[in-house]
1. Mind listing just one residue for me: the one in segment 128-141 that is of a type outside the set (A, V, I, L, M, F, W, C) and open to solvent by less than 50 Å² (accessible area, probe 1.4 Å) and, of those, nearest to ligand 2 (Cβ to nearest atom)?
2. I need the full set of residues from segment 61-85 which are in a loop (DSSP other than H, G, I, E, B) and within 15 Å of ligand 2 (Cβ to nearest atom), in order please.
3. Please indicate, with yes or no, whether at least one residue in segment 116-127 is crowded, with 18+ Cβ neighbours inside 10 Å, in a helix (DSSP H, G or I) and on the phi < 0 side of the Ramachandran plot.
4. Can you list residue pairs whose Cβ atoms sit under 8 Å apart, with the first residue in segment 73-92 being of a type in the set (D, E) and the second being away from ligand 2 (no atom under 16 Å from the Cβ)? Count only pairs 6 or more apart in sequence or on different chains.
5. I need the strands (runs of 3 or more DSSP E) fully contained in segment 163-226, keeping only those with at least 2 residues that are more than 30 Å from F23 (Cβ to Cβ).
6. Given F144, F88, which one is part of a helix (DSSP H, G or I), within 16 Å of ligand 2 (Cβ to nearest atom), open to solvent by less than 60 Å² (accessible area, probe 1.4 Å) and at negative phi?
7. Consider only pairs whose beta carbons are under 9 Å apart and that are at least six residues apart or on different chains; among these, list those whose first residue lies in segment 32-52 and is part of a loop (DSSP other than H, G, I, E, B) and whose second residue is open to solvent by less than 20 Å² (accessible area, probe 1.4 Å) and within 10 Å of ligand 1 (Cβ to nearest atom).
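The values are calculated or read from the model by the stated rules, or taken from the named source; none is laboratory data. Because the structure is predicted, anything quoted here is derived from the model rather than measured. Cβ atoms come from the backbone with ideal geometry, glycine included; neighbour counts cover every protein chain shown. Quick note on the areas: whole protein, heavy atoms, side chains included, nothing else; ligands and nucleic acids left out. Shrake-Rupley method; radii C 1.70, N 1.55, O 1.52, S 1.80 Å.
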Amino acid sequence: MLKIYIHDTRNDRKVGLRELPRFLSAEEIERAGRFKFEKDFKLYTAGKIIARKMIADYIGIAPNDIKFFIDNYGRPFLENHKIKNFDFNISHSGDYVVLALSDRRVGIDVEKIRLVDFKVAETCFHDNELEVLNRDPAKLPENFYGLWTLKESFIKAVGQGLSYPLKDFYFSFSAAGIKINILKPVADDQTWNFKLYDFDPEYKLAVCAKDRKAPPIVKINNLAEL
Ligand code: COA
Ligand code: MG
């Protein structure tokens, strides 16, 4: 079952380094300590606190029994023989952290909408997607980030990061929903479902999952309540 969580880090006071061992592993604290900007520190630590707690609830184990590992592509995963059929993915941008949990493979991406140059779109979008962007230049930033988050949610679900060529697939839109068109399919690649969520007009949020049903987003207001 798919679950989506969102948290606005503007609600958080800075979690002091001395408090972190309650929530983060030694490696995570070391990484957190390397962030130059408080904003990035907050996004990273909030992501880890939320992921550990919500994953513990989802699979029914204690938060401290959760240890995150990172694969060769940088994708975090859990290794625990008690845990079968489980996947999660985190994303952060601007002020928000988002988390997706599922019993099957899942990818999530949130991005703050910024001004964009069409030249950047040409480097990462398929010609059919560029044509969609060209139709409404006034909406370029909004449409660019809609497509961008969809693309990134897919490569994050697959797990290969940017080694998956971004022009080897494209999205098309119809009354039936969002469809991915994969030009070089492997295995069961085509069975993904996508959803774009509206939660703040300054952001785009996309989820890529095997689940057909996309649930409403659950807001986490206060980290202290977790
Ligand atoms: N697959 C899936 N998830 C991954 C991942 C991978 N290969 N590598 C890292 N992640 C997870 C991690 O949990 C990470 O957060 P953490 O370090 O706090 O644990 C989180 O994804 C980062 O996602 P997000 O906040 O959306 O960051 P990003 O947009 O900067 O980076 C990646 C996303 C993973 C795709 C990264 O490889 C990257 O470099 N992206 C550049 C952006 C880009 O060009 N996107 C193309 C879209 S058109
Ligand atoms: Mg991203």
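1. P141
2. Y73, G74, R75 - these are the residues of segment 61-85 that are in a loop (DSSP other than H, G, I, E, B) and within 15 Å of ligand 2 (Cβ to nearest atom).
3. Yes - at least one qualifying residue is present in segment 116-127.
4. E79/K67; E79/F69; D87/F77; D87/L101; D87/S102; D87/D103; D87/R104; D87/R105
5. 169-174, 177-182, 193-197
6. Checking each option against the conditions leaves just F144.
7. That search, which allows pairs on different chains as well, returns F35/L43; F35/Y44; F35/T45.
Listed here are the residues, each with its yes/no results for (1) modelled with pLDDT under 95; (2) near ligand 1 (Cβ under 9 Å from one of its atoms); (3) touching a Cys at 6+ places or on another chain (Cβ under 9 Å).
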{"position": "K3", "(1), (2), (3)": "no, no, no"}
{"position": "P21", "(1), (2), (3)": "yes, no, no"}
{"position": "A26", "(1), (2), (3)": "yes, no, no"}
{"position": "N64", "(1), (2), (3)": "yes, no, no"}
{"position": "N80", "(1), (2), (3)": "yes, no, no"}
{"position": "S91", "(1), (2), (3)": "no, yes, no"}
